[in-house]
Amino acid sequence: MSGLIASATHLVAAHPHWAAAVAFLLAAAESLAIIGALVPGTPIIVAIGALVALGHLNLWAILAATAAGAVAGDGVSYWIGHRYREGLRKLWPFSRRPELLARAEAHFRQHGIRSILVARFVPVIRSTVPVAAGMLGMAPGRFYAANIASALVWAPAHVLPGVLAGTVLAGLGAVSLRLGLAAAILLLLVLGALWVARGLAVLGLSWFGAGRQALAGWAAARGGIAGHLGRYATAAEHADLRRGALLAALAGGATLGFLVLLEDVAGRETIVRVDAAVLGLVGSLHTEWTDPVMLAATRLGDTVMNVLVSALIVGWLLLRRQFRLAAGVLVAILGAAAAMTAIKLGVQAGRPPLLTPIAPGFSFPSGHSSMAAVTLGLLGWLVAAGAPGRWRRPVLGAITVLIALIAFSRIYLAAHWPSDVVGGLLLGLIVVSGLAAWFGPIPPRAVAPMPLVGLVAAALLLVGGARIATHIGPDLAVLQANALRPLPLPAPWREGGWRSVAAYRSDLGGEDEEPFLLQWQGDAASLAAALGDWQKLPPWSLANVAQVLGMGGPAMALPALPVMDRGVTPLLILARPDGAEDRRLVLRAWRSGREDPAAPGHPLLVVSVTRETVAPIAGLLWLPRPAGERACPSIALGLPTVPTGRMLTPRDGGCGGVLRLGPA
């Protein structure tokens, strides 16, 4: 299914003139009786919306086509019901699955015309309620009034989220492909964690329910001890027994997965190459903006916070006079910590090599991931047992996301190999599911977990926030110490060493962007002083955000995007007009990452110049975008520089010309 979605999206991107037709057909097919459930229309329509934001498609054409397709699809379904009436019950698939029509009929009888409006947003009955409306004799005028009204709401509700996501990613991509990819990965991490957790729960319960029915049918036809045990296990009054068996099976599966992973890690097998590849990919996503986020996440999973959360859980259970449960939770937490330590000492796996270690000790399994999964997982178990229905899913979703962020932060910061993190999560799953299976169902009022959730949230915000504020400076210093330190040039800079400095700005994967026209030995202040006719642009603030969000304005009045080189923001951004109100030249300077052996300690900057024009993204964001690729020979006039004779080709909106060294 994911391959079909990707293929359809690539087809639309490659042939934008087909986009409206594809949107029409998808919206219509998703609303058709019988086949609607088989068509992945929604994710493809959302992806088409993202292409609108990238400037490939017309927003109003896509909205109109999507709405028209939704009206047509529901219209065909209504006609089928109106034409065949009761005869539909004898036709496939309704003859084999009568509940499809029964559910739609019940919804229509209960809500009347409102069911047409509501059903379009409910996947289970979306394509069958129009059929039921036709079968039950709803007047065509009333049906089409509701049909068109719902389509006019449904189309923007599916297209505009894609436009918004595409706009955000386009804006981040304009700053840095690395930052855009990091944002996309974090978004996928959050959504994936929620989807996997929900999917595993639904799939597990579905399989368990099907297994129960099969076992009940088998046991009913047999006598003896086997039949008696089968009937006992599948009886309605023994639901708790089946729930315990499901949790025990989950703990057993996690144990098997952990042992397989442990064998690979201890034997230094294929997992070593996988670890290195994944760690290298995640390491390429570092930016100055995502580093603090990941450092904050990892602080929320350190020993102090885990001890605090554990104390709150045990203390709350004692306050509720649940002494046996409190003892079990305490033993589980201490046992997990002891097992984790023993495995670390037994395996003695090394951490990723860093100039300054992020954390001491052995690597497998990850302590942060293990204990976050145990403490927060136990909190989730109590929430699942006793939280009100309206709060249960949001709280469990937030807990899942926090565990996932803490775990991912350990890979991002290169404190652990990916296998360490997976092992830690499996260890946490073993402990939580095993304890839940051992204790069985908990009376909802016995725990009353929502005040406990509030206490834990307050602890994370107050204590965790204070610890983050206290340690963020030193943590960033350690992280920066592990970044690429300036490498000495193979020869003095002016004696040919300049040839070893990067000639083009580099984004994710080392792809060349615009050229560096100038190498400057000195700090940003000395460069700004030499560029007397260049101006500072306004900073990002609430005062100019209205110009960015829909109004536009003169190019020199808009802030500059802090385009990144190797994940680092510029030290200096200056600009000057380029002949028209909506055009400008923007100069950016970065650290080169290299050092002149003849002048150690003196910064060596690289400078690019880009022609930019103010252009809208989907009519929502007015941002200066690169425009035009040509030589800019006047850039170096007035600067005390020395030409090298090396000609750089203009690329990605950046100015080309002769590379120069300065100051002369």
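Bear in mind that the values in this text are calculations on the coordinates, not laboratory data. None of these values were measured; they are calculated from a predicted model. Glycine also receives a Cβ, built like all others from the backbone with ideal geometry; neighbour counts cover every protein chain displayed.
General remarks:
- Burial order of peptide ranges 513-525, 595-607 (average beta-carbon count within 10 Å, highest first): 513-525, 595-607
- Ranked list, fewest to most other Cβ atoms within 10 Å of each Cβ, for THR610, THR255, THR298: THR255, THR298, THR610
- Taking N as its residue count, the alpha carbon Rg of the stretch 300-383 over 2.2 N^0.38 Å: 1.25
- Per-pair calculated FRET efficiency, R0 = 51 Å: HIS602 and VAL307 via Cβ, rounded to 0.05: 0.60
- Residues ILE113 and ALA249, FRET efficiency given R0 of 41 Å [Cβ-Cβ distance, rounded to 0.05]: 0.30
- Taking other C-beta atoms within 10 angstrom as a stand-in for reagent exposure, PHE364, PHE24 fall in the order PHE24, PHE364, fewest first.
- For the stretch 399-521, relative contact order (Cα pairs under 8 Å, six or more residues apart, normalised by length) works out to 9 percent.
- LEU487-MET647 FRET efficiency (beta carbon distance; Förster radius 22 Å; 0.05 resolution): 0.30
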